[in-house]
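The values are calculated or read from the model by the stated rules, or taken from the named source; none is laboratory data. Being a predicted model, the structure only gives us computed values, none of them experimental. Reconstructed Cβ throughout: ideal geometry from the backbone, glycine too, with neighbour counts over all protein chains shown.
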């Protein structure tokens, strides 16, 4: 009788420990074979604004409007001119669905026009496609207005 009781207790403890096991990260983000990423999980369409750093002016006032697969980029070089530079073309998602690349009007993708798409933010990446680090990192974040 003690052996049966002991076996039942071992089975119950094993089952209890297994059912409390936390999910792995891959299990947390996979739902019906759909991987959740910026492209399909957040409301990324809209206008993002901010002032990006500039090497020879006081800043680049920037507005990027994203819709479907196109963008409109408006920039003003502060302290140099009040002229608004405006361009529009397509943007492309990376394979992970977390970054976009703004193409030129001829749909060529320049290296330094990549952004990480976050909840209510676009973060400009450096020329190698990496996040800017250090004390000025916050200056590369555009915030969603609408």
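The table that follows gives values for the structure above.
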| quantity | calculated |
| --- | --- |
| Strands (runs of 3 or more DSSP E) fully within the range 49-146 counting 3 or more residues that are over 21 Å from residue 39 (Cβ atoms) and modelled with pLDDT of 90 or more | 59-67, 70-78, 85-93 |
| Residue list for the range 127-146, restricted to those being within 18 Å of residue 100 (Cα to Cα) and surrounded by 11 or more Cβ atoms within 10 Å (Cβ to Cβ) | 129, 131, 132, 140, 141, 142, 143, 144 |
| Cβ pairs under 6 Å, 6+ apart, first in the range 118-146 and more than 21 Å from residue 40 (Cβ to Cβ), second exposed (fewer than 15 other Cβ atoms within 10 Å of the Cβ) | 127/111; 127/112; 132/126; 139/53 |
